[in-house]
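These notes concern the structure reproduced below.
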Amino acid sequence: MFRKLHSNRDPRDTLLSEINKEFRPYIHKAAMGIKGCVNSHSRFLFAMMVINIVLSAVLSFTVFRHHAPPPKVVKAQANPVSTGFDQIMRTGEKLKRTIALKRQIDSLTAKKQLSAADSAALEKALDTIQKFNQTAP
């Protein structure tokens, strides 16, 4: 598993040197074409570079300027332990109200006939439970 492998490969032959050997004529032809184009249009290319630098500077100071982020409003927060305990207490109170409403709904639905007051109370209790479910985290 940890045996050294021996190879008959020349250590000077690397992947990069082999790729260079293969594509050298194409790279040379492209370089000569680019060099000829740059030599024949040097003033135009220089002017375009200067225009790009100036345009970049103008845009960076106007359009792409970073605005200062708005200040964050820090809420005055009491002790996190008491805040968490208060949240537990509120959840317990909601649970108590929900259980009381469920008992009321169960007692009203157990009746054979409902009066108008019973129907109104049942509808109000169902609406209250629905509001609790919507505001639950």
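The values are calculated or read from the model by the stated rules, or taken from the named source; none is laboratory data. Computed from a predicted model, the values in this text were never measured in an experiment. Don't worry about glycine lacking a Cβ; one is built from the backbone with ideal geometry, like all the others, and counts go over all protein chains shown.
A quick yes/no check of all residues on (1) modelled with pLDDT of 90 or more; (2) surrounded by fewer than 11 Cβ atoms within 10 Å (Cβ to Cβ); (3) in contact with a Phe, Trp or Tyr (Cβ under 9 Å, 6 or more places away or on another chain):
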site: Asn20; (1), (2), (3): yes, no, no
site: Pro71; (1), (2), (3): no, yes, no
site: Ala76; (1), (2), (3): no, yes, no
site: Ile105; (1), (2), (3): no, no, no
site: Leu108; (1), (2), (3): no, no, no
site: Ala117; (1), (2), (3): no, yes, no
site: Leu122; (1), (2), (3): no, no, no
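Does Glu123 satisfy the condition of being within 37 Å of the chain's Cα centre (by Cα) and not polar (S, T, N, Q)?
no
Among Leu126, Leu114, Leu101, which is part of a helix (DSSP H, G or I), without any contact (Cβ under 8 Å) to a residue 24 or more places away in the chain and not basic (Lys, Arg)?
Only one candidate qualifies: Leu126.
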